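Right, one structure below, let's go through it.
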Amino acid sequence: MKKLLKGFINYFFLLHELVKRGITLKYRRSYLGIAWSLLEPLLTMIVLTIIFGQLLGHGGKEYPVYVLSGRLLYSFFSQGTTNALKSIRSNAPMIKKVYIPKYLYPLSGVLFNYIIFLISLIVLAAVSIVLGIHPTLYLLQVFVPLIVLFLLTFGLGMILATVGVYFRDMEYLWGVATMLIMYSSAIFYYPEQILSSGNSWILRYNPLFGVIMNFRSAIFGQPMDLFYTFYSLGFSVAALIIGVYLFYKKQDGFILHI
Amino acid sequence: MGKQMLNVEHVSMKFCLSRERVDTLKEYVLKKLKGEIRYNEFWALRDVSFTADKGDRVGILGLNGAGKSTLLKVVAGVFKPTEGTVTRRGKIVPLLELGAGFEIQYTGAENIYLYGSMLGYSKPFIREKYDEIVAFSELEDFIDVPVKNYSSGMKSRLGFSIATAVCPEILILDEVLSVGDAKFRKKSEKKIIDMFEKEVTVLFVSHNVEEVLRICNKAVLLDHGRVLASGNVQEVADIYMEMTGEK
């Protein structure tokens, strides 16, 4: 444990550099740079509000906030996991040259997306205030889904990073899987109808759905759902344990496959 | 006799080369079910042992495919040996494939920080050495240009300058004494020779026996992954030259 901690301190600067690289390169050569992390979700929100709000009749001033919060959490999840999945292969030239602990690659991939995600929460705050959705004491709950979301993304990211080294197919498969997860996370529709039907398991057992719902209840001033909280937390911790175990067991073989 | 800096004990390295490359899940499942996956086991290193003390300069000789570069990568920690252990003391600087491993979209300046951090330098250290690194690489005019626009010579100059900003305890050289043009080669040779004087432990791979004789005091001769001879550089070089028919 002490050795682990010492290693972490030693590699903190490296992790910092890798995270910085992720953020810098994401917006390099675009005119607006990091402002895109605010603008892009805002524009998506407007599009989704027009399509689903106006045309399908999800009216109300809450809908833009509802759709934006779902979208933000989902896009971090999908980008973080995808980045972790590709992290070993995309850093192959470095892995072949210098020894550094390999978990830093998926970790930095998830972390830089998390930082961009946290920055983009500013948009959510601004839109909420403009639309008159004011913070309540329940907003303090928001840390729970935010932490669970990080654990979930990093845990799955570690599993995917390991599998991705051995099977390149995973990159395409995961692209389809994230789409499936998106549709079963109630991002742009209200879940009540499905939840009361016989197909409620599609949503209930999707850990990302639980995280998103808890995040929304914090914003709209409602208590968190206990089932969602414990289920998503349990799922994330399990994914993290499996991911870390798998990664550590397989990491010495990575170099032979990239 | 100085302090022991490097101890390589019974190191073996096995590669599994699948006959056909299995890259997709479908292929893998199908072939696994049919029992068609066969591997060619290939031992790049077999029971290699040697030690190096402080100030030792060990030449590694051998024909192509003898396992020299694999051995260097095992010592550098890039490969984990299948069997055996490697014990190292102090800071290792590997000068392997200079210029590979840069982030090509980054500028030279950004790469100094990124690459330096990968070599285990701290931020204040890189800041302190930044000017020196830039000056040594002679890339002052190009340091804010993305590395993707660099020539291969420029990349290896930058790589060399970053890697040698610190004086290591163990230096790993894979025939890199040929960096850039003649002028830069001279300068880099001088920098390495200065390091020798500071009692650095050196691992040096080369096909050039004269160079090994000039630089090293010890040598290890590899053949098909096994140690054929090790010890005094002159004796080992004699065996090597017999092998290659130079004598």
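The values are calculated or read from the model by the stated rules, or taken from the named source; none is laboratory data. For clarity, every value in this text was computed on a predicted model and none was experimentally measured. When we count neighbours, we look across all protein chains shown, and the Cβ atoms used for this are built from the backbone with ideal geometry, even at glycine. These accessible areas exclude ligands, DNA and RNA; they are computed on the full protein's heavy atoms, side chains included. Shrake-Rupley method; radii C 1.70, N 1.55, O 1.52, S 1.80 Å.
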Original post:
Using Cα-only point scatterers and the Debye equation, what is log10 of I(q)/I(0) for chain B at each q in 0.09, 0.14 Å⁻¹, rounded to two decimals?
Top reply: -0.47, -0.99
Original post:
If you roll a 1.4 Å probe over the heavy atoms of the protein chains, what accessible area per residue do you get for the stretch B:99-167, in Å²?
Top reply: 39 Å²
**OP:** Name the helices (complete DSSP H segments) of chain A with a Cα length along the long axis of 27 Å or more and a Kyte-Doolittle mean of at least 1.6, or state none.
**Re:** A:104-130, A:143-166
Original post:
So for chain B: antiparallel DSSP bridges make up what percent, rounded to the nearest 5?
Top reply: 55 percent
Original post:
Within the accessible area of chain B, what % is carbon and sulfur when the probe is 1.4 Å and the other protein chains stay in place?
Top reply: 49 percent
Original post:
To the nearest Å, what is the center-to-center distance of the stretch A:184-239 and the stretch A:25-89, using C-alpha atoms only?
Top reply: 19 Å
Original post:
Rounded to the nearest 5, what % of the DSSP beta bridges within the protein assembly as shown are antiparallel ones?
Top reply: 55 percent
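Based on the alpha-carbon gyration tensor of the protein assembly as shown, what equivalent-ellipsoid semi-axes (square roots of 5 times the eigenvalues) come out, in whole Å, largest first? Can you show the working numbers first?
Details: eigenvalues 545, 142, 69 Å².
Square roots of five times the eigenvalues give 52, 27, 19 Å.
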**OP:** Calculate the radius of gyration of the Cα atoms of chain A to one decimal place, then report Dmax, the largest Cα-Cα distance, as a whole number, both in Å.
**Re:** 19.1, 58
Subject >> Interchain or long-range residues, amide H under 5 Å from B:D56's placed H >> reply: B:V202
Original post:
Among the lysines, which have Cα under 22 Å from the Cα of B:K148 when same-chain residues fewer than 8 positions away are ignored?
Top reply: A:K20, A:K26, A:K86, A:K96, A:K97
**OP:** Would you mind telling me the share, in percent, of accessible area of the stretch A:16-254 contributed by carbon and sulfur at probe 1.4 angstrom?
**Re:** 71 percent
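Please give the net charge around B:F184, taking every other residue with its beta carbon less than 11 angstrom from that of B:F184, where Lys and Arg add +1 and Asp and Glu add -1.
Values: positive: B:R157, B:K183, B:R185, B:K186, B:K187, B:K190, B:K191; negative: B:E138, B:D181, B:E189.
Here the count lands on +4.
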Original post:
Too long at a 22 Å Cα-Cα cut-off: which of A:K102/B:K155; B:K3/B:K218; B:K91/B:K123?
Top reply: A:K102/B:K155
